[in-house]
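A quick write-up on the structure given underneath.
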Amino acid sequence: MQEVKQGHTLDQARTRLLSALSPLPGHDVCPLQQARGRVLAAPLAAPRAVPGFRASSMDGYALRAADGRPGRSLPVVGCSAAGAPYGRPLQPGQVVRIFTGAMVPDGADAVAPQEDVHAPLGELSSSTVTLERSIRPGQWIRSPHEEAAAGEQLGSVGQRLSTVDVARAMGCGLRMARVHVRPRVTLLITGSELRPTGDTLAPGAIIDSNGPLLLLLLEQLGLTVVDRQWVDDDPQRLETALLTLAGRSDVLISTGGVSVGDGDHVRPLLERLGALQFWRLFLKPGRPFATGTMAGARFFGLPGNPVSAVVTFLQLVWPALQVLEGAAPELWPRLRVRLATPLRRRPGRPELVRAHLATDHHGNPLATPCGDQSSARLASLQGADLLLEIDASTTELPAGTAVMAQLLRLPVL
Ligand code: AMP
Ligand code: MG
């Protein structure tokens, strides 16, 4: 039987959340070398053309294409090496020995690769060379603005700088970038049953995994956790911790205590101490989820179950953090995959099923769900590449069924 729809669908929640957010005020000017992962607050423009001169893309001989008839012998009048140009104009009928990256002398309009040239006395000592092929004007010469034209935009406002963005801008002579400030994040891990690793466990107690999980996830996404606390399900202590952490951060993320149990105080406290924007998702895993504002901070109350906490973080908190940092929220890329094995589930809520990605022998993507999909089971997230988007009413899908999936991958370059 279909579960009664309670709470927002993921799309509704994301739209409501993101429309309430705008980038935090404030910029930093920082050395490009340290700016990877930061979001541009001003465009980057090339101060000059790069490389700025015509460069050879081969080891060989620079010449005039008009002189390049096969069988013709030409005198070698000098050498142009990378960083050590020949320095004079080339006269008709001459060639200059040239290496990759070296400046092509004025007067030359082509480079003959050494493989296409016969040097009777051996390459370097030859005083004349004979061409073995015809020459096309412009061949093996890089344009002076191959990498960038003077003034060309190398990065736009809202772009998160990648390794290559940084290297290209620095290679064009830039040293600094104006970037948006980053949200300061605090973490509040709630639950009377939780103990840190290493403590002796009383019956019914468990070790906190959300603390390390969210801390590492945020670090991986380039964000800094400025403070964190662990609190039991006591309304008074929770209130103090919430207000302290909210006052120290732009974003406060809590886990646990946001459902409807007797020990769940987070949502009423958010309503009393700040403002609840919305609560509850029509989603599995991740039904208990609350967001709003408190003491000037954006607040996210994530579920206590570790898988639910991660999934709601990836679906809602990460896009929100991107908006606060001045970037367009990039969602995980979606692709169509086929199930490698049948999928059986209890219908009710739309589900994000964790799965491994492989390819069949034609190279088509295949998804294998990561075993038991309990939201308490972190093993279902271990090595997961995909979140399969399954409709609320689906009960069973045979192997080979095509489903849409989100690809959990961050860019490398
Ligand atoms: P709650 O959202 O507080 O109702 O918690 C749901 C489930 O998640 C319960 O089984 C909790 O024991 C568990 N849980 C809550 N917080 C954590 C945590 N930090 N680490 C691991 N499990 C947790
Ligand atoms: Mg709890």
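Between residue 334 and residue 77, the C-beta separation translates, for a Förster distance of 41 Å, into a calculated FRET efficiency of about 0.10. Using only side-chain charges placed at the Cβ, +1 for Lys and Arg and -1 for Asp and Glu, the dipole size of the chain relative to its Cα centre rounds to 660 debye. Counting neighbouring beta carbons within 10 Å and listing from fewest to most, the residues 345, 354, 175 come out as 175, 345, 354. For the pair residue 150 and residue 219 in one chain, pulling the backbone fully straight at 0.36 nm per residue adds 21.2 nm over the alpha carbon distance. Projecting the Cα positions of 229, 311, 192 onto the charge dipole of the chain (unit charges on Cβ atoms of Lys, Arg, Asp and Glu, taken about the Cα centre) puts 311 furthest along the positive direction.
Which of 326, 277, 44 sits farthest toward the positive end of the charge dipole of the chain, with +1 on the Cβ of Lys and Arg and -1 on the Cβ of Asp and Glu? The one lying farthest along the dipole's positive direction is 44.
Between rounded, prolate and oblate, where does region 75-141 land on the alpha carbon gyration tensor, with a ≥ b ≥ c its root eigenvalues, rounded for a/c under 1.5, else prolate if a/b exceeds b/c? Since a/c stays below 1.5, the shape of region 75-141 is classed as rounded. Per the Cα gyration tensor, the chain maps to an equivalent ellipsoid with semi-axes of 60, 27, 17 Å, ordered largest to smallest.
Which of 247, 191, 363 ends up with the largest GNM mean-square fluctuation for the chain, with Cα atoms connected below 10 Å? Result for the chain, Cα springs under 10 Å: 363 fluctuates most.
When the alpha carbon coordinates of region 334-407 are projected onto the principal axes, the ranges are 34, 25, 20 Å, largest first. Across 267, 344, 334, mean-square fluctuation computed from a Gaussian network of the chain (C-alpha pairs under 10 Å connected) peaks at 344. Dividing the helix sum by the residues of the chain, where each DSSP H run of 4 or more adds -39500 (n - 2.57), gives a mean residue ellipticity at 222 nm of -4500 deg cm²/dmol. Using Cβ point charges alone (K and R +1, D and E -1), the dipole size of region 55-142 about the Cα centre works out to roughly 180 debye.
Read-outs throughout are calculated quantities, based only on the coordinates presented, and are distinct from any laboratory measurement. All figures in this text were calculated on a predicted structure; none of them were measured in a lab. Quick reminder, even Gly has a Cβ in these numbers, built from the backbone with ideal geometry, and neighbours come from all protein chains shown.
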